[in-house]
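Peer 1: Next up is a structure, given as structure tokens.
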Protein chains: 4
Amino acid sequence: MSYNSFGHLFRFTTWGESHGPALGAIVDGCPPGIAIDESDIQPWMDKRRPGQSRHTTQRREPDTVRIMSGVFEGKTTGTPIHLMVENVDQRSKDYSEIAAKYRPGHADFTYDAKYGFRDYRGGGRSSARETAARVAAGAVARKVLGDGIAIRAYLTELGGVAIDRDRFDDAAIDANDFFCPDPVAVGEWESAVDTARKDGNSLGAVAECIATGVPAGWGAPVYAKLDAELAAAMMSIHATKGVEIGNGFEAARITGRENADEMEPGNTGPRFLSNNAGGVLGGISNGDTIICRTAFKPTSSILTPLKTVTRDGEAAEISTKGRHDPCVGIRGVPVVEAMMALVLADQMLLHRAQCG
Amino acid sequence: MSYNSFGHLFRFTTWGESHGPALGAIVDGCPPGIAIDESDIQPWMDKRRPGQSRHTTQRREPDTVRIMSGVFEGKTTGTPIHLMVENVDQRSKDYSEIAAKYRPGHADFTYDAKYGFRDYRGGGRSSARETAARVAAGAVARKVLGDGIAIRAYLTELGGVAIDRDRFDDAAIDANDFFCPDPVAVGEWESAVDTARKDGNSLGAVAECIATGVPAGWGAPVYAKLDAELAAAMMSIHATKGVEIGNGFEAARITGRENADEMEPGNTGPRFLSNNAGGVLGGISNGDTIICRTAFKPTSSILTPLKTVTRDGEAAEISTKGRHDPCVGIRGVPVVEAMMALVLADQMLLHRAQCG
Amino acid sequence: MSYNSFGHLFRFTTWGESHGPALGAIVDGCPPGIAIDESDIQPWMDKRRPGQSRHTTQRREPDTVRIMSGVFEGKTTGTPIHLMVENVDQRSKDYSEIAAKYRPGHADFTYDAKYGFRDYRGGGRSSARETAARVAAGAVARKVLGDGIAIRAYLTELGGVAIDRDRFDDAAIDANDFFCPDPVAVGEWESAVDTARKDGNSLGAVAECIATGVPAGWGAPVYAKLDAELAAAMMSIHATKGVEIGNGFEAARITGRENADEMEPGNTGPRFLSNNAGGVLGGISNGDTIICRTAFKPTSSILTPLKTVTRDGEAAEISTKGRHDPCVGIRGVPVVEAMMALVLADQMLLHRAQCG
Amino acid sequence: MSYNSFGHLFRFTTWGESHGPALGAIVDGCPPGIAIDESDIQPWMDKRRPGQSRHTTQRREPDTVRIMSGVFEGKTTGTPIHLMVENVDQRSKDYSEIAAKYRPGHADFTYDAKYGFRDYRGGGRSSARETAARVAAGAVARKVLGDGIAIRAYLTELGGVAIDRDRFDDAAIDANDFFCPDPVAVGEWESAVDTARKDGNSLGAVAECIATGVPAGWGAPVYAKLDAELAAAMMSIHATKGVEIGNGFEAARITGRENADEMEPGNTGPRFLSNNAGGVLGGISNGDTIICRTAFKPTSSILTPLKTVTRDGEAAEISTKGRHDPCVGIRGVPVVEAMMALVLADQMLLHRAQCG
């Protein structure tokens, strides 16, 4: 048990607060001999980095990652890889309001309830800034998985507006500020986000993450199921409220006949005629594309005044100023990818351990 | 890491196959001095037990649980509690078809892909019969939690037909064969299940589980989040494809203003004016009702012939005879309750460890 | 964390008390496809079995092991292997003295101090009868390691009388009641044990366990060191007070020049000219014989009256009647072998996981 | 499983190499609200710091520790505490000899055997410089344990010369360069170390660590035994070859009557008339002083030329120049103390978790 670690064999531990001097991740259990340097990690950091469009928080963090250990002469040594990111733009502001009042939708009250007090500067440890460490660790996981496995995430819904899957265009995803694969939906989302921001309001989103190239056989039948690990991984991200594998809740609404993924002989084993399962059967990968969707709630920090209580138990009102994402789900996309990579790297090692 | 264990401090490990001599669970880390005997466990076993109505499998298993260790003079001793259930009704049948062909929707192919071969008798380890061990362990967890925490699950959807929450009647849940809290929906569900069974088809369902009386402060802010643990717990159950906390995917579709659970002063801390969060904020319980929903896919074993491949890679057809639940979600209800109890007992001990 | 489990990937969990109906071990993480049945396990059980000579306890337990799960058609399936042993000879006796008074050297007082009460029948969970489960699990570990790795333990000291290593005869070990490799020492040990038994006294012993055929590279440099795992494994056995790797405490008494294991080119890598290291350098196996010694204290249950206190805090005297080993170290030999096998099997999988 | 972590609930993870930019420890699971700042940690760092007398390595490292996270307004927040130490005196030297030849007694060969290559600069991850991170983490553990528990280590043997326990003087320990409690032995040790250094040789030592004030009841009866955890902790330290609890190997050489720690009524429970057990019975603390001894081999880096092989498998000779401790056991003393503190803090939380 470790409250700030994830994974069994490919295991990472993160540290750091929103307004401390730095944050980081230790990646333990990484196979040796993998070529990696900071330039393999930084692009993923940049993808998550704030302040890149008007649709995300204006906090300016370069998020420059530094490899502090575990890599020698350009290759992993099998020892812990410490990845550190300095916090630069900790705007010196007055936190007295957050310190005294609990922000609805935030961990403010629950932290106090658990620990008796908290670091109230920007949410402290509960800030989604922690996800920078995940993205750094995830970049190492991608290297472990190798080029044969491709991981890709994008939003399929924003503010209740879903993409049209018939317009799905892989090339579009990185061509807009929303990781949106539907060029038509981009426009709708843009105005929705602009409206929300102007209204002092916020929006939720659904991120879908797929992994191709995962061989059949990763996972385990009971408690270390591949889908259970993915569920834990995604639900550990800030602001998430739901996780689906394959067709997810839709599976509960169709019949067994409709839901069945029939098989026919393929080149390297069975080929599935559909993928309602999302690439996982009985907790074990089936060789098809892994599909996982995660629901992000709307940003809890909004300008609209909300009823709350103070630490002293008095009724109060709060409107959260500061630099916030109008839709945290957007910057959740690289985080979801990182968690997928981290789960898969761990499962790869677990499978190799037991089955050689 | 343990492939067949769940939990950190209150940790259980299950063993056994569908058609072996017995199955069981070892519960480790249980606090000492808790009064318990078989009669505290058997009622939950009976709730999950097959063959109680025409809507579930006709396999006849008494599922009589026996405490083999860890209890002395009627109280837990703090040492491992082994709970064993003998398999009685292993109908001697011909498994040659399952052995030779992969059943769609089952772990047949993925087991073979992972381990090289499998126990094909009734699914072996991948059979949902494993959940009997969870329910037994869950009964111990309930004792650890004590009477102040109430755990309750029911179906909110079956075959795509949702309950009407305005008709929610707690007393109805145990008065029908579907754990349905809406007396009107019962009739619709009954005919849907009857139709599916006659058609050689099957249906999915959504189970909601709530826990009341959980104090604020259980959970952790990053990777041992209460909601992440619940997600892993529920997604580890057979046939599940999705998990939601609170309003779940709905949160992604409403605005921050609509989603905010405002607070006012209450008797013992803040009182929430709504519970979209499902009782968890920043991974830590907030004192409100914990709400978790789980999607069960329709039973994969159906009489309708489906395309598949044989172990030798030849195209084939299969229709799964045998005694199967037309809707596995129904018997999933006591399992979902057990997993909620097991997660909460673990979190209780984790919280006590760190925060005294 | 699990109080009754050992190992990371090849992980076993034991359950059961001295005077309960049965005891057992669940072996989780076992690679699939390994041929095994009860006849592979029973010989090791028989080696540990009580009542085989006048030098061990006269409790008569057949210790018949039964594989309850995880093996199908004679091969491991990769799922949990439950090994169960029924308790047969629970002599119905009066435990009121043990229940009321703390036996010196036993866990009686500390159990009460920890848990508030205890199963006083024959020591309950603290009885060395638990080691039967380890021996069963160890037999599976041997199968995982395969024939290339040989594990062998024997006593090098009993009652302070050490063997003469110049007389070391491998064939002698199984030809006497003491697992003694020195045929001359056997006689001395025999009379020492006879004397102790007649005096109502008891003796300690030192067990050495060696493993040959372990390839270089198993272990890890910092906290999962092979020697640290062995130390934990051996110190977890009942009545142990010390563990040494290689020359152990002797290393502290000689110079660096004397202690150095020089190397020369060998057939498959460096060949060591001596083995003070006991086959482990920097926590990782070096390809040489693994050597581990464990000190067993004299049996705490002796007929000689000793001062103690009652549960109520009154001064008292106790002399432990019943059927006890005059030297528990003797029957410790197969247990030490089992723990060595279990640690090595775990390390084999851990190494394969990280390094392929 | 984590190769670079130790502990279950109070768990720390270390990172860093001998010649990297820095090293550190993340302490996870620390209870909240404990007052701590760098000044609570630095004194322990200073105790381990090299270059303080002619009897230790002349590498000059200030070992200044910096708290990077987990502490807010002078108190622990319950989130991960990252302690970082910069490496300052990485003398730019020619490592080509170490890179090409395996140093006897070092992990050079085994690292290569495991990982395929290694960071050869000063031993990389296998350098005892890693223990600086343990000492930092141990300082936090001491704070968790509080003032009621006192931990103290010292050498009882150096180069085969044991202290005379009749001359044991607690005040002497910090008054000499050897943590020697026997003022008379100091002189002998001094000349022994001087001789060894001049001879290009080295010496081993035995460190004893005691903890007073530990309440009865910490530990567990089977695999999480307090003594098993201590054994793993001590054997994980660089250059250790043996661990004893209480009278250790001596227990194997005396009779049960001699070894028995009799009890009489005390003020707060049984009082033990002797402490051969070293404060642990059946894996659980008995309220008496915890006693643990650890054997350190002589420093493997010596100037005397030794036979070895090159990475290419050729015969060679090596004499290790550089700045080395003539007796690593001396600086092992604060490390042994740190590991005792870390094990006890973990056990304290584990006990609280299960037993409230």
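The values are calculated or read from the model by the stated rules, or taken from the named source; none is laboratory data. The model shown is predicted, which means the values in this text are computed figures rather than measured ones. Because the Cβ atoms are built from the backbone with ideal geometry, glycine has one as well, and the counts that use them run over all protein chains shown. Calculation scope for accessible area: heavy atoms of the full protein, side chains included, ligands and nucleic acids excluded. Shrake-Rupley method; radii C 1.70, N 1.55, O 1.52, S 1.80 Å.
Peer 1: Can we say C:V343 is crowded, with 24+ Cβ neighbours inside 10 Å, at pLDDT 95 or above and more than 10 Å from chain D (Cβ to nearest Cβ)?
Peer 2: Yes.
Peer 1: Oh, and also: So which residues in the stretch B:163-188 are among the hydrophobic types (A, V, I, L, M, F, W, C) and open to solvent by 60 Å² or more (accessible area, probe 1.4 Å), if there are any at all?
Peer 2: Listed by number, the residues that qualify are B:F168, B:A171, B:A175, B:V184.
Peer 1: I've got another one for you. When residues of the stretch C:3-23 are filtered for being aliphatic (A, V, I, L, M) and at the interface with chain D (Cβ under 10 Å from one of its Cβ atoms), how many remain?
Peer 2: The qualifying residues number 1.
Peer 1: Can you tell which of C:A171, C:A162, C:A137 is over 23 Å from C:A233 (Cβ atoms) and touching a Ser or Thr at 6+ places or on another chain (Cβ under 8 Å)?
Peer 2: None of the others qualify; the one that does is C:A162.
Peer 1: Further question on the same structure: Take the stretch B:45-80 and flag every residue that is in contact with an Asp or Glu (Cβ under 8 Å, 6 or more places away or on another chain) and outside any loop (DSSP other than H, G, I, E, B).
Peer 2: Within the stretch B:45-80, B:M45, B:D46, B:R48, B:V65, B:R66, B:I67, B:V71, B:F72 qualify.
Peer 1: Ok, one more. More than 10 Å from chain C (Cβ to nearest Cβ), open to solvent by 20 Å² or more (accessible area, probe 1.4 Å) and in a helix (DSSP H, G or I) - does that describe any residue in the stretch D:109-117?
Peer 2: no
Every residue, every condition in (1) within 11 Å of chain D (Cβ to nearest Cβ); (2) touching an Asp or Glu at 6+ places or on another chain (Cβ under 7 Å), yes or no:
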| site | (1), (2) |
| --- | --- |
| C:W189 | no, no |
| C:K198 | no, no |
| C:S202 | yes, no |
| C:C209 | no, yes |
| C:A220 | yes, no |
| C:L230 | yes, no |
| C:A233 | yes, no |
| C:I237 | yes, no |
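Peer 1: All but one of (1) in a strand (DSSP E or B); (2) open to solvent by 10 Å² or more (accessible area, probe 1.4 Å); (3) not small (G, A, S) hold for A:D40, so report the exception by its number.
Peer 2: Going through (1) in a strand (DSSP E or B); (2) open to solvent by 10 Å² or more (accessible area, probe 1.4 Å); (3) not small (G, A, S) one by one, A:D40 breaks only (1).
Peer 1: Being facing chain D (nearest Cβ under 7 Å), surrounded by fewer than 22 Cβ atoms within 10 Å (Cβ to Cβ) and not hydrophobic (A, V, I, L, M, F, W, C) is the filter here; which residues of the stretch C:301-315 pass it?
Peer 2: C:T304, C:K307, C:G313, C:E314
Peer 1: Here is a list: A:A136, A:A99. Which entry is in a helix (DSSP H, G or I), away from chain B (no Cβ under 14 Å) and surrounded by fewer than 24 Cβ atoms within 10 Å (Cβ to Cβ)?
Peer 2: The conditions single out A:A99.
Peer 1: Applying the selection to the stretch A:144-157, what residues are buried (at least 22 other Cβ atoms within 10 Å of the Cβ), more than 16 Å from A:D288 (Cα to Cα) and under 16 Å from the mean Cα position of the chain (by Cα)?
Peer 2: A:A153, A:Y154, A:L155, A:E157
Peer 1: Quick one: what pairs do we get from the stretch C:261-272, first residue without any contact (Cβ under 8 Å) to a residue 40 or more places away in the chain, second open to solvent by 50 Å² or more (accessible area, probe 1.4 Å) and among the acidic types (D, E), C-beta under 6 Å, 6+ apart or different chains?
Peer 2: Partner pairs satisfying both residue conditions: C:R271/C:E264.
Peer 1: When you look at D:V243, is it facing chain C (nearest Cβ under 9 Å), open to solvent by less than 40 Å² (accessible area, probe 1.4 Å), touching a residue at least 24 places away in the same chain (Cβ under 8 Å) and touching a Leu at 6+ places or on another chain (Cβ under 9 Å), yes or no? Even if it seems obvious, please write down each step before you answer.
Peer 2: Values: facing chain C (nearest Cβ under 9 Å): yes; open to solvent by less than 40 Å² (accessible area, probe 1.4 Å): yes; touching a residue at least 24 places away in the same chain (Cβ under 8 Å): yes; touching a Leu at 6+ places or on another chain (Cβ under 9 Å): yes.
It is true that D:V243 is facing chain C (nearest Cβ under 9 Å), open to solvent by less than 40 Å² (accessible area, probe 1.4 Å), touching a residue at least 24 places away in the same chain (Cβ under 8 Å) and touching a Leu at 6+ places or on another chain (Cβ under 9 Å).
Peer 1: Of A:A185, A:A216, which residue is more than 20 Å from the chain's Cα centre (by Cα) and at the interface with chain B (Cβ under 10 Å from one of its Cβ atoms)?
Peer 2: Checking each option against the conditions leaves just A:A216.
Peer 1: Same structure, new question: Which condition breaks for A:S191 when tested against (1) touching a residue at least 12 places away in the same chain (Cβ under 8 Å); (2) surrounded by fewer than 20 Cβ atoms within 10 Å (Cβ to Cβ); (3) in a helix (DSSP H, G or I)?
Peer 2: Single failed check for A:S191: (1).
Peer 1: Ok, one more. For the condition under 30 Å from C:L350 (Cβ atoms) and within 10 Å of another protein chain (Cβ to nearest Cβ), what is the one hit in D:I26, D:I67?
Peer 2: Answer to the selection: D:I26.
Peer 1: Right, here's the next one. Report, by residue number, each residue of the stretch D:298-317 that is more than 15 Å from D:A196 (Cβ to Cβ) and within 28 Å of the chain's Cα centre (by Cα).
Peer 2: Correct list: D:L306 only.
Peer 1: Also, quick follow-up: Is it the case that some residue within the stretch D:21-34 is of a type in the set (A, V, I, L, M), open to solvent by 10 Å² or more (accessible area, probe 1.4 Å) and over 23 Å from D:G329 (Cα atoms)?
Peer 2: yes
Peer 1: Something else: It is to be established whether one or more residues within the stretch A:204-213 are polar (S, T, N, Q) and buried (at least 24 other Cβ atoms within 10 Å of the Cβ).
Peer 2: Checked against the condition, which is being polar (S, T, N, Q) and buried (at least 24 other Cβ atoms within 10 Å of the Cβ), the stretch A:204-213 yields no hits at all.
Peer 1: Please go through the stretch A:301-348 and pick out each residue that is touching a residue at least 60 places away in the same chain (Cβ under 8 Å), small (G, A, S) and in a loop (DSSP other than H, G, I, E, B).
Peer 2: Passing the criteria: A:S301, A:S319, A:G322.
Peer 1: Is it the case, given these coordinates, that B:G70 is open to solvent by 20 Å² or more (accessible area, probe 1.4 Å), modelled with pLDDT of 95 or more and on the phi > 0 side of the Ramachandran plot?
Peer 2: It is false that B:G70 is open to solvent by 20 Å² or more (accessible area, probe 1.4 Å), modelled with pLDDT of 95 or more and on the phi > 0 side of the Ramachandran plot.
Peer 1: Now for a different question. Just one of (1) more than 14 Å from chain C (Cβ to nearest Cβ); (2) over 20 Å from the mean Cα position of the chain (by Cα); (3) assigned to a helix (DSSP H, G or I) trips up D:D89, so point out which.
Peer 2: All conditions pass for D:D89, except number (3).
Peer 1: Oh, and also: Pick from C:G78, C:G7, C:G33: which is at positive phi and out of contact with any strand residue (DSSP E or B) (no Cβ under 9 Å at 6 or more places or on another chain)?
Peer 2: Exactly one residue qualifies, and that residue is C:G78.
Peer 1: For the list (1) touching a Ser or Thr at 6+ places or on another chain (Cβ under 6 Å); (2) within 9 Å of another protein chain (Cβ to nearest Cβ), I need the number of the one condition that C:R352 fails.
Peer 2: Result: C:R352 passes all but (1).
Peer 1: Now, a different point. For the stretch C:246-300, name all the residues that are open to solvent by 10 Å² or more (accessible area, probe 1.4 Å), more than 27 Å from D:D119 (Cα to Cα), at the interface with another protein chain (Cβ under 7 Å from one of its Cβ atoms) and part of a strand (DSSP E or B).
Peer 2: Once the filter is applied, which keeps residues that are open to solvent by 10 Å² or more (accessible area, probe 1.4 Å), more than 27 Å from D:D119 (Cα to Cα), at the interface with another protein chain (Cβ under 7 Å from one of its Cβ atoms) and part of a strand (DSSP E or B), the stretch C:246-300 yields only C:T255.
Peer 1: Okay, moving on. A:V88 fails exactly one of the following numbered conditions: (1) open to solvent by 10 Å² or more (accessible area, probe 1.4 Å); (2) in contact with a Ser or Thr (Cβ under 8 Å, 6 or more places away or on another chain). What is the number of that condition?
Peer 2: Evaluating A:V88 over (1) open to solvent by 10 Å² or more (accessible area, probe 1.4 Å); (2) in contact with a Ser or Thr (Cβ under 8 Å, 6 or more places away or on another chain) leaves (2) as the failure.
Peer 1: Please work out if B:G122 is more than 13 Å from chain A (Cβ to nearest Cβ), on the phi > 0 side of the Ramachandran plot and assigned to a helix (DSSP H, G or I).
Peer 2: So B:G122 passes the test.
Peer 1: Hey, another quick one. May I ask you to say which residue of B:A353, B:A277, B:A295 is under 15 Å from the mean Cα position of the chain (by Cα) and modelled with pLDDT of 95 or more?
Peer 2: When all the criteria are applied, what remains is B:A295.
Peer 1: Then there is this: Hey, any hits in the stretch C:219-230 for a residue that's without any contact (Cβ under 8 Å) to a residue 24 or more places away in the chain and not in a helix (DSSP H, G or I)? If you could, list the steps in order and put the result at the bottom.
Peer 2: Initial filter on the stretch C:219-230 (without any contact (Cβ under 8 Å) to a residue 24 or more places away in the chain): C:223.
Now narrow it down to the ones that are not in a helix (DSSP H, G or I): C:223.
The answer is yes; a qualifying residue exists.
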